[in-house]
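Please treat every number below as a calculation from the coordinates, not as lab data. Treat the numbers as computed from the prediction; the structure is a model and nothing was measured. All Cβ positions, glycine included, derive from the backbone under ideal geometry; neighbour counts span all protein chains shown.
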Amino acid sequence: MLNRFFKRRIIVILISIFTLLSCKTDKETNKNDSLFAINIKTQGQVEAELTAPPFVPKPVGKRKATKLTVNMEIIEKEAEMTDGVTYMYWTFGGSVPGSFIRTRVGDEVEFHLKNHPDNKLPHNIDLHAVTGPGGGAASSFVAPGHEVVFSFKVINPGLYVYHCATAPVGMHIANGMYGLILVEPEGGLSPVDKEYYIMQGDFYTEGNNGEKGLQAFDMNKAVKEQADYVVFNGKVGALTGENAITAKVGETVRLFVGNGGPNLVSSFHVIGEIFDKVHIEGGSLINNDVQTTLIPAGGAAIVEFRVDVPGTFIIVDHSIFRTFNKGSLGMLKVTGEDNKTIYSGTQSDNVYHSEGGTIQSMPIDANKKAVAKPTTLAERISDGKSIYNKTCFACHQANGEGLNNAFPPLAKSDFLNADVNRAIEIVLKGKTGEVTVNGKKYNSVMTAQTLSDDEIANVLSYVYSSWGNSNKEVTAKMVAEVRSKK
Ligand code: HEC
Ligand SMILES: [Cu+2]
């Protein structure tokens, strides 16, 4: 009968639905981990230990989930890229990569992000360990001299990248604004003897690799992905010679490896070692017996191995020209007894030397001559140029051409040339809200510049005398008048 036929159909359908549902429950057990984590109650409050690379804070072990306060300060500072070459780094906590943050599943992180008053730019932070808009970027935009606070609960275990996400994002990352945050599972990662923090990054400089002096960021090379330097831990030689990481024969080593990019992916490899374990992409899946692991830009991996023989093990990006010509070369020095069964050959510390300049030496202190205060207009303009290259160029670019949709041009700017007092006021007090420059609209933030009246007069005189502008002379007296108003 038709009726019975339908009944049978219904039973079959019910059975299939049941089967489907039970499959789904199986799959959802994983998800339930993070659901479970959301409901973990925290106990007490502690301040997070933060470390500069290559070191990491102590393991969480059996610690219960807690309220974890992270105090991180953004610092913009000039530092050595390689012998005789310096770069204006933007950093989370004063190092590249930024301070390592170590948490466990269920922790409630209260993040205090401070932007040092001497910094020139606003910044923020996007933590890949955060579940929420922009990974925190939406609530962490912070101007120089300010501190923002936001909170999040870490619910997925793993090794995560954090980075600045302020426009132009690529430039902030290219200048060193990235680091790692580790979320350990309940009960912690298995204990090992040595743990280290390594992060790769690519840098784009106006001069080519090795060209001496303070090198400015080069936007064109960054867009074309033509890196001048590819390095571990922010500079050539951060992990070589005296700075090499160390272990003893028989010890287990865990490397927390990240890649800040901004552009390149890393083929991470340790010459003469096989990774016993790799937490692929920093997640929970573990692969064994790996030679080279791929670390995407904005990604990470945890690699673990036991060192069985002594010697110097070279850490590389196996995209090998980067290693021997651009800087991505580190060293793990292992001391202890030979094991002729595992390896019989001669050991040497000098097998691989970078063809680039990895020789360590003290940075040369620039001859600091007492400079007389500039008086003539020409002297003031030349003083203004050096202020411009330290203070304004990051946004308005070296030739005043600005950056599309982010920073208005100062070159041939109708806005600038129309009103000198307004220009003075912008440099003195900053500017937000819409402006139209040469027919294009910009709506962003220029932070107030902490410059003296003389410095503002000189930098504006330089700007007015350059790039087809009106040649207006700006004096300290004019600046003082604008400053005294309100
Ligand atoms: C943090 C990036 C930043 C820095 C550093 C910066 N500016 Fe600006 N500037 C901006 C932005 C963004 C605007 C547009 C503001 C808006 O949208 O309201 C702007 C606008 C201007 C304007 C008016 C618009 C125009 O193009 O004529 C002038 C003049 C100016 N800046 C001069 C300077 C000078 C001189 C310095 C260095 C002393 C400087 N700025 C440093 C970001 C910056
Ligand atoms: Cu930034």
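Details
- Fully extending the segment from ARG306 to LYS340 would add 10.6 nm, taking 0.36 nm per residue of separation and subtracting the current Cα-Cα distance.
- Residue order, fewest to most beta carbons within 10 Å, for THR86, THR42: THR42, THR86
- Segment 47-335 - Kirkwood radius from inverse mean 1/r over Cα pairs (Å): 18.9 Å
- Derived from the Cα gyration tensor, the three semi-axes of the equivalent ellipsoid of segment 377-484 are 20, 15, 13 Å, largest first.
- Peptides 143-150, 309-316, ordered by how many other C-beta atoms sit within 10 Å of their residues on average, highest first, read 309-316, 143-150.
- Helical contribution to [θ] at 222 nm, DSSP H n ≥ 4, -39,500 (n - 2.57), averaged over the chain, rounded to 500: -6500 deg cm²/dmol
- One chain, two ends: LYS477 and SER34. Fully extended at 0.36 nm per residue, the span grows by 153.3 nm beyond their Cα-Cα distance.
- Pairs from the table (LYS277/LYS333; LYS64/LYS120; LYS221/LYS412; LYS62/LYS248; LYS120/LYS153; LYS212/LYS390) lying more than 28 angstrom apart at Cα are LYS64/LYS120; LYS120/LYS153.
- Mean shadow area of the chain over all directions, Cα convex hull, nm²: 33.8 nm²
- Under a model in which nothing but the beta-carbon of Lys, Arg (+1) and Asp, Glu (-1) is charged, the chain shows a dipole of about 1780 debye around its Cα centre.
- Evaluating 6.51 cos²θ - 1.76 cosθ + 1.60 at θ = phi - 60° for every residue in segment 189-203, the Karplus couplings come out as 5, 4, x, 10, 7, 9, 10, 9, 10, 10, 9, 8, x, 10, 10 Hz, glycine and proline recorded as x.
- Residue-by-residue Karplus 3J(HN,Hα) for segment 320-332, coefficients 6.51, -1.76, 1.60, Hz, glycine and proline x: 6, 4, 4, 6, 8, 10, 10, x, 7, 9, x, 9, 10
- In terms of distances greater than 18 angstrom between alpha carbons, the cross-link table entries LYS77/LYS235; LYS431/LYS477; LYS77/LYS326 yield LYS431/LYS477; LYS77/LYS326.
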